[in-house]
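A.B. asks: Please see the structure below; I have some questions.
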Amino acid sequence: MKRAPAHAGGLRTPERLAFVVVFSLMAAFVVGLTVLTAKTGATPVIGGTTAAGAGTPGAASQGLAGGTGQSGTRHVGGGHVGGGQSPGGHTGPVVIRSATLSAQLAASLRGTVGGHMGRLSVAVIDSTTGATAWYHAGMHYDTASIVRMDILAALLYLDQRARKPVSRTDAGLAAEMIQYSSDTAAARLWQAIGGGRGMAVANKALRLQHTTWVRDGRWDLTRSTAADQLQLLQDLTAPNSALHSGGRDYAVGLLAEGVTGQRWGVAAAASPATAYAVADGSRPDPRRWLADSIGVIQRGRHELLIAVLSEGNLRRAEGTRVVRAAVMAAAKVIMGPGS
């Protein structure tokens, strides 16, 4: 006759009491975790408008759509693999980093803009695959008018942190600043966020560690890197962003509704008849022109985030030509032959 296992049979009184205590602690932990998770609600993005809460990594994608002010963009960040630090030296969302693609991008740029007399930096990510490529992405440049996107992101983050909606006045200024390139609106929003001090608080949360400005200076004297600008684009599109999904969709919606005639940069690589959200900027520096472009585009079945910064161009036309050439090179390298 086989001996019964040692654990068979009824439990003694001390064992029953111990079992009840352990089970009660486990149940309390589960209930507490559920309650904590339920307390992550979001504040409205604009007064009177309810916004969705923070996104979840790995959430279903939504094709980029413009024209409504509520457009969404394909979520990035949830499916990324790999790691390490971006060229600017800060840790950003985990993405696939490819030295091979970066080398190919450098070679392509030498072939297309090799005679360019100024400086050029490029950063690109295919959010569909996570593949990335960089070219001098840690160099600093004046941001010209593309800094408006950082001002908008800072406004959204600071109001979100304060658990209040963006005021209707600030929303109107944001529309003027992004859609009609209003310097007056940008200056007023710069003051609304507290200038450089407010920008520093927001950029720390947004992981822009290499974007700087003149202390107590103007908003249009901000300097940044292509790596930080790519990070900003991910802040505006990724569900693991410090910005809630309502704020992200609102910002991308404004970009998607911008003035078409001013879209001479990243938009050049978008597939025909697809929506895109871009910000372009150019201006003369003391001697030559600078030209910058950042944006989110659809190319084929892929979504690309691209940032191109340049300076030292002889004329504005040269700057826009160099930026367009760099954008096309980045799109083709990141997606491979035949793209």
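A.B. asks: For Leu243, only one of the following conditions fails: (1) modelled with pLDDT under 90; (2) part of a loop (DSSP other than H, G, I, E, B). What is its number?
C.D. replies: (1)
A.B. asks: OK, next. Please give the number of the condition Ala330 fails out of (1) surrounded by fewer than 21 Cβ atoms within 10 Å (Cβ to Cβ); (2) outside any strand (DSSP E or B); (3) of a type outside the set (D, E, K, R).
C.D. replies: So the condition that Ala330 fails would be (1).
A.B. asks: A further question follows. Select from the range 121-177 the residues that are in contact (Cβ under 8 Å) with a residue 60 or more places away in the chain and among the charged types (D, E, K, R) and write down the one among them that is surrounded by the fewest Cβ atoms within 10 Å (Cβ to Cβ).
C.D. replies: Arg163
A.B. asks: Can I ask one more? Please work out which one of (1) part of a strand (DSSP E or B); (2) under 21 Å from Gln104 (Cα atoms); (3) modelled with pLDDT under 90 is the condition Leu309 fails and give its number.
C.D. replies: Unmet condition: (3).
A.B. asks: Now, a different point. Considering every residue within the range 287-297, establish whether at least one is β-branched (Val, Ile, Thr), within 16 Å of the chain's Cα centre (by Cα) and over 20 Å from Ala144 (Cα atoms).
C.D. replies: Within the range 287-297, one or more residues are β-branched (Val, Ile, Thr), within 16 Å of the chain's Cα centre (by Cα) and over 20 Å from Ala144 (Cα atoms).
A.B. asks: Going by what's in this entry, would Gly196 be described as crowded, with 18+ Cβ neighbours inside 10 Å and either in contact with a strand residue (DSSP E or B) (Cβ under 6 Å, 6 or more places away or on another chain) or in a helix (DSSP H, G or I) (or both)?
C.D. replies: Spelling it out, Gly196 is indeed crowded, with 18+ Cβ neighbours inside 10 Å and either in contact with a strand residue (DSSP E or B) (Cβ under 6 Å, 6 or more places away or on another chain) or in a helix (DSSP H, G or I) (or both).
A.B. asks: Go through the range 242-258 and give me each residue that's in contact with a helix residue (DSSP H, G or I) (Cβ under 8 Å, 6 or more places away or on another chain), under 12 Å from Gln179 (Cβ atoms) and of a type outside the set (A, V, I, L, M, F, W, C).
C.D. replies: Matches in the range 242-258: Glu257, Gly258.
A.B. asks: Quick check on my filter: what residues within the range 209-235 are over 13 Å from Asp142 (Cα atoms) and either in a helix (DSSP H, G or I) or modelled with pLDDT of 90 or more (or both)?
C.D. replies: Gln209, Ala227, Leu230, Gln231, Leu232, Leu233, Gln234, Asp235
The values are calculated or read from the model by the stated rules, or taken from the named source; none is laboratory data. All values derive from a computational prediction rather than experimental measurement. Glycine also receives a Cβ, built like all others from the backbone with ideal geometry; neighbour counts cover every protein chain displayed.
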